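The values are calculated or read from the model by the stated rules, or taken from the named source; none is laboratory data. All values derive from a computational prediction rather than experimental measurement. In this analysis, Cβ positions are derived from the backbone assuming ideal geometry, glycine residues included, and neighbour counts consider all displayed protein chains. All accessible areas refer to the heavy atoms of the entire protein, side chains included, with ligands and DNA or RNA removed. Shrake-Rupley method; radii C 1.70, N 1.55, O 1.52, S 1.80 Å.
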Amino acid sequence: MSKALQDKRVAVLMTDGVEQVEYSEPRRFLEQEGARVTLVSPKTRGEHVQGFQHLQTSTRFIVEMDVRDARPADFDALVLPGGVANPDQLRLHPEAITFIREFGRENKPIAAICHGPWTLIDAGLVKGKQITSWPSLQVDLRNAGAEWRDEEVVVDGKLITSRKPDDIPAFNQALKQALVDA
C-alpha cells in the first residue's frame, strides 16, 4: 500500500442506483494510496445502498455515515459516483445537495463521474466551469452555465469530472493529484 494519501479522508456520497464500479474502483484505489474513505448517504448508518452494473442489480454496500451527520470539514475531498438513479435520487435530498455545496464553498476537491455531475447543478457549482460527464447530461450542464467537454477527465480548479467507467484510471489519478496538492 502506498502512503501518498495517508491521513486524507474522502467522503463518497451515494444512494441506491449507484454504478458499482464508479464507487468500488475509486474507493479501492484511494484506500491503496492510504486514504480513509467513508460511504455517506441520505440513508442511515448501517442501511444498504443498492449498486448496479448498468441496469442489473449488483452488490449492496453498507452506509457508513448519514449525510445529516457529515461535515465537509471532516473530509479532504468528495467523490460523486454515477449511475442514472443515484444522482437523480440525491437531487431530491436537500441535505445531500447542501453537503455538496459546502464542499464547493470550502474549495475542497470534488470528483464526479458519469451521471454524478448532475448533482453539481443543484448545488450551484457548474456555472463558468469546464466539465465532462456522461453525454446525455451535456445539455443540462450547458444550460446551467458549464462548458461541457468530451474528454476522459476534466479538471477545473478543485472540480474533477469524468465521463464513464472506462475513464476511471484517469479519474483516480486526477483525484490523487488534487489530494496531494491540497
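Values computed for the structure shown
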{"item": "Members of the range 124-182 found to be of a type in the set (Val, Ile, Thr), surrounded by 16 or more Cβ atoms within 10 Å (Cβ to Cβ), touching a residue at least 24 places away in the same chain (Cβ under 8 Å) and under 21 Å from Leu30 (Cβ atoms), listed by number", "result": "Thr132, Val154, Ile160, Thr161, Ile168"}
{"item": "The range 32-69: number of residues that are assigned to a strand (DSSP E or B), among the small types (Gly, Ala, Ser) and farther than 16 Å from Phe99 by Cα", "result": "2"}
{"item": "From the options Val49, Val63, Val18, Val40, residue that is under 19 Å from Asp166 (Cα atoms), surrounded by 13 or more Cβ atoms within 10 Å (Cβ to Cβ) and β-branched (Val, Ile, Thr)", "result": "Val18"}
{"item": "Criterion violated by Ser58 - all others in (1) of a type outside the set (Asp, Glu); (2) over 23 Å from Gln177 (Cβ atoms); (3) modelled with pLDDT of 95 or more; (4) open to solvent by 20 Å² or more (accessible area, probe 1.4 Å) satisfied", "result": "(3)"}
{"item": "So Val12, is it in contact with a strand residue (DSSP E or B) (Cβ under 7 Å, 6 or more places away or on another chain), among the hydrophobic types (A, V, I, L, M, F, W, C), within 19 Å of Gly104 (Cα to Cα) and not in a loop (DSSP other than H, G, I, E, B)", "result": "yes"}
{"item": "For Asp74: the one exception among (1) touching a Lys or Arg at 6+ places or on another chain (Cβ under 7 Å); (2) open to solvent by less than 70 Å² (accessible area, probe 1.4 Å)", "result": "(2)"}
{"item": "Residue under evaluation Val63, criteria (1) among the β-branched types (Val, Ile, Thr); (2) out of contact with any helix residue (DSSP H, G or I) (no Cβ under 7 Å at 6 or more places or on another chain); (3) in contact (Cβ under 8 Å) with a residue 40 or more places away in the chain, criterion not met", "result": "(3)"}
{"item": "Test result for Asp156, in contact with a Phe, Trp or Tyr (Cβ under 8 Å, 6 or more places away or on another chain) and closer than 14 Å to Leu120 by Cα", "result": "no"}
{"item": "Residues within the range 134-174 that are part of a loop (DSSP other than H, G, I, E, B), out of contact with any His (no Cβ under 7 Å at 6 or more places or on another chain) and over 20 Å from Glu33 (Cα atoms), tallied", "result": "10"}
{"item": "Criterion violated by Tyr23 - all others in (1) in a loop (DSSP other than H, G, I, E, B); (2) of a type in the set (Ser, Thr, Tyr); (3) under 23 Å from Trp134 (Cα atoms) satisfied", "result": "(1)"}
{"item": "Check on Glu102, touching a Lys or Arg at 6+ places or on another chain (Cβ under 7 Å), open to solvent by 60 Å² or more (accessible area, probe 1.4 Å) and either modelled with pLDDT of 95 or more or farther than 22 Å from Val139 by Cα (or both)", "result": "no"}
{"item": "Only one of Val49, Val40, Val84, Val21 that is of a type in the set (A, V, I, L, M, F, W, C) and modelled with pLDDT under 95", "result": "Val84"}
{"item": "Inter-residue pairs, beta-carbon under 7 Å, first charged (D, E, K, R) and in the range 111-123, second outside any helix (DSSP H, G or I), 6+ apart", "result": "Asp122/Arg91"}
